[in-house]
Structure formats: C-alpha cells, structure tokens
C-alpha cells in the first residue's frame, strides 16, 4: 500500500526571540542565536525561519551584510534532521538570497564544513562555486553540558545573484 503524501504550506519570516525556546538550543548555541537576534535588530544581519502552519521553525539561517565588501555571507543554515531532502533548505537559501538582492548586493558567500558533503551538494546544485578553503573552528555543546572545540577545513563558496 502506498504511503500517502502530506503537503504543508511553508512560510519564511524573521526569527524572533519567542522562537528560541522551541528550537532546543542551549549553551553556546543558544548564546550565538541571542547575539544574532541583537545584530538583526541593529540591521547588520537578517535571521530567518521557515515554518509550517504551526509557526514553529523547521529551518533557520542568517545572512550577514557586513562582510565581505560587495557581498553578504550566509551562515548558521540548519534544517530539522527529519525534514532534510524535502526542499526546505532550498526555500531558506532562496529567501536569504532575496534579502541580499534587496540590500543591493550581487554576491552571496558561504562556507561549508568539508566533513559535510550533503550541504555542499545542495549549494553546488543552487549555483555556488568553490573559491577557496580556510581553517574553521567553533565550540560544540555536549549532552553532559561540557563544551569542546571542533576544528575542520571549510570550503568557501560564492554565487553571483542575478
């Protein structure tokens, strides 16, 4: 017996402080999102949420308009694990690219962890091309409350927005 397909409308909106409690972030992850919302309030970035009718975000991501000159940087892109490969990441990235265009910028940039091939395949499919590599590191919260440092190589990618 075939599994029935469920189609839900999605909306893209600005992430709010009220969303933070529903997303399960804690520790350094939560602190970075609180700081991002403050930067959004100052107009330095936009931080978006993709939501089904419940209004609870299933994907989030930001765009930083302060760097590099003439471009904007996509960052903290995330889609709920159970909903990956459903097109939600594409919706999020297109919405962020539209925000970049609205700021009069024509280039979008991002970095992808070399240990994460799935996101890179999405970015390439959406027209991003490799422009270089750099070392990246950030703090990671462990379930026991401890924090460790994650280090990796980041592939830098860029796309010209038409």
One residue is enough: does the range 29-39 have a residue meeting the conditions modelled with pLDDT under 90 and closer than 25 Å to residue 129 by Cβ? no
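In the list 34, 12, 63, 56, which residue meets the criterion of being surrounded by 20 or more Cβ atoms within 10 Å (Cβ to Cβ) and either within 27 Å of residue 141 (Cβ to Cβ) or touching a strand residue (DSSP E or B) at 6+ places or on another chain (Cβ under 6 Å) (or both)? I'd like the intermediate steps shown before the answer.
Values: 34 fails: surrounded by 20 or more Cβ atoms within 10 Å (Cβ to Cβ); 12 fails: surrounded by 20 or more Cβ atoms within 10 Å (Cβ to Cβ); 56 fails: surrounded by 20 or more Cβ atoms within 10 Å (Cβ to Cβ).
Among 34, 12, 63, 56, only 63 is surrounded by 20 or more Cβ atoms within 10 Å (Cβ to Cβ) and either within 27 Å of residue 141 (Cβ to Cβ) or touching a strand residue (DSSP E or B) at 6+ places or on another chain (Cβ under 6 Å) (or both).
Quick one: count up the residues across the range 1-37 that are outside any helix (DSSP H, G or I) and free of Cβ contacts under 8 Å to residues at least 40 places away in the same chain. Walk me through it before giving the result.
Going through the range 1-37, the residues outside any helix (DSSP H, G or I) turn out to be 1-16, 24-26.
Now narrow it down to the ones that are free of Cβ contacts under 8 Å to residues at least 40 places away in the same chain: 1-7, 13-14, 16, 24-25.
So the answer is 12.
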For the range 132-152 the number of residues that are surrounded by 11 or more Cβ atoms within 10 Å (Cβ to Cβ) and within 13 Å of residue 110 (Cα to Cα) is 2
Go over the candidates 101, 42 one by one and state the one that is closer than 21 Å to residue 161 by Cβ, surrounded by fewer than 22 Cβ atoms within 10 Å (Cβ to Cβ) and over 16 Å from the mean Cα position of the chain (by Cα). 101
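The values are calculated or read from the model by the stated rules, or taken from the named source; none is laboratory data. Quantities reported herein were computed from a predicted structural model and do not represent experimental measurements. Every residue, glycine as well, gets a Cβ built from its backbone with ideal geometry; the counts of neighbours run over all protein chains shown.
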